[in-house]
Amino acid sequence: MFASALIAFREGLEAALIVGIVLGVLRKLGHAQRGGSVWAGVGAAVIASVAVGLILNALGVAFEGRGEQIFEGVVMLLAAMVLTWMIFWMQRQGRHIQAELESDVRRATAAGSGWALFGLAFVAVLREGIETALFLTAAAFSATPMQTLTGGTLGLAVAVVLGWLIFTAGKRLNVRAFFRVTSVLLVLFAAGLVAQAVHEFQEAALLPALVEQVWDVADEYIRPILDERSGVGALLKALFGYNGNPSLLEVIAYGVYVAVVSAFGLRKLT
């Protein structure tokens, strides 16, 4: 639940910041009345994002056995790749987002077409929406559908409220600090997705285990706490892909991902 809430909160807040910047520029230019085109683009993007989420969910239900394992592994790996791209993109472009958006809004306003503003809002929000749908689908493999839905809804609700406070009530947010902290958490989450994808591919006999179990949390005193189906272990599994009895290849995949992305993707965020 916490993983889905974190993902939805980050993506939702990024979308809220984008919409707020667009509306703020329109107001500054004296074209606040054209905000309806922006909200229409936002609404269309939300509908399209929900449709993508439903399609991904339907595909997951359609597969069984080995096909289901391969599908889950592919979705987890794809989600990890998109998360990685987000982190590197934020490193390169994060400082210039507002300036680029303001420039795009000025061009769209100068063109005099509501469709230009609609398209700007639609594309910006759709990107966040599709990413959210993909991440929540991947997160759902480690939690119940209700936990994923509840966490995602809560995260989006908090993002909307915070976005409203930032641009309407004049509150300030240290955006750089926000993305720095959440990027660290998302690196660990993505590493867990990579390790879980490896596990699914091993279950489908596509990858070797190297060593079947590096460790096994089977002690009668430790298991109730660290078993991934209950207690702290369940939270760690949902957040970071924790496994109580991982194979050597899973451990290697997790460690290599964290080391590489931390060295390059987080370098300019810290």
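See the values below:
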item	result
Neighbour-count ranking [beta-carbon atoms within 10 angstrom, fewest first] of Glu250, Glu200	Glu200, Glu250
Taking Thr144, Thr150, Thr84, Thr132 and counting other C-beta atoms within 10 Å, the order from fewest to most	Thr144, Thr150, Thr84, Thr132
Ranking of Val25, Val260 by count of other Cβ atoms within 10 Å, fewest first	Val260, Val25
Inter-probe distance in nm under a simple model that places probes 7 Å from Cα toward Cβ, at Phe88 and Phe264	0.5 nm
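Read the figures in this text as sums done on the coordinates, not as results from a lab. Since this is a predicted model, take the numbers as computed values, not measurements. Because the Cβ atoms are built from the backbone with ideal geometry, glycine has one as well, and the counts that use them run over all protein chains shown.
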